[in-house]
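Shown next, in C-alpha cells, is the structure this report addresses.
Nothing in this text is a laboratory measurement; each read-out follows from the coordinates by a stated rule. These figures come from a predicted structure and were not determined experimentally. No Cβ is skipped: glycine too gets one built from the backbone with ideal geometry, and neighbour counts run over all protein chains shown.
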Amino acid sequence: MANTELTARAWVAVLANRTELPFGSNLREHFSRARITSLCDCGCNSFECKVEPDSSLHPLFDRIGPLPSFEAAFETNTQEPVDVIFFTDANGYLSGIDISLGLSNHAPVPEQVQLGKLLYTMPDL
Ligand SMILES: [Zn+2]
C-alpha cells in the first residue's frame, strides 16, 4: 500500500492493539508525540519519526529491557509474513518502525494486508 502518514497511523493502531507485545500503550503514547521525519518509498511501510527529548515518557520497551530495537513477525492473509522492527533513540523513545513484506521486503506490502498469528519476536518475550 502507498506509504503515507495515514498508513503509519493505521499500522501503529494495529500494532498497539497486539496484546502479545507488552508496549502497546507506550507505542500509542510515543507515536502521538512523534513527528514523522521520513516515509520509505521502496514499497515497504517503514517510517522514521522523532519524539522531543524532554517528553518525559516511559521508554518504549520499559517492560522488556533497555533495547535499541525489537522485532516481531506475523502471519498474514497473504503467502508472506509481515516483519516489523521497532526502533528507539537514545532516550528510549520511538524513532521508527520498519514494516516489510516477508523477511527482506522482496515485494510491496499489499493493500488491506491483515496480520494473523505472531510468528516470533526478537528478543523472545
Ligand atoms: Zn522501504
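Annotations
- For segment 71-81, 3J(HN,Hα) computed residue by residue from phi via the Karplus equation (6.51, -1.76, 1.60; θ = phi - 60°) reads 10, 9, 10, 10, 5, 9, 7, 10, 6, 10, x Hz, glycine and proline entered as x.
- Among HIS58, HIS106, HIS30, sorting on how many other beta-carbon atoms sit within 10 Å of each Cβ, with the fewest leading, yields HIS106, HIS58, HIS30.
- Normalised radius of gyration (Cα atoms, divided by 2.2 N^0.38 Å) for segment 23-125: 1.08.
- Helix-only arithmetic for the chain: the sum of -39500 (n - 2.57) across DSSP H runs with n ≥ 4, divided by the residue total, places the mean residue ellipticity at 222 nm at -5000 deg cm²/dmol.
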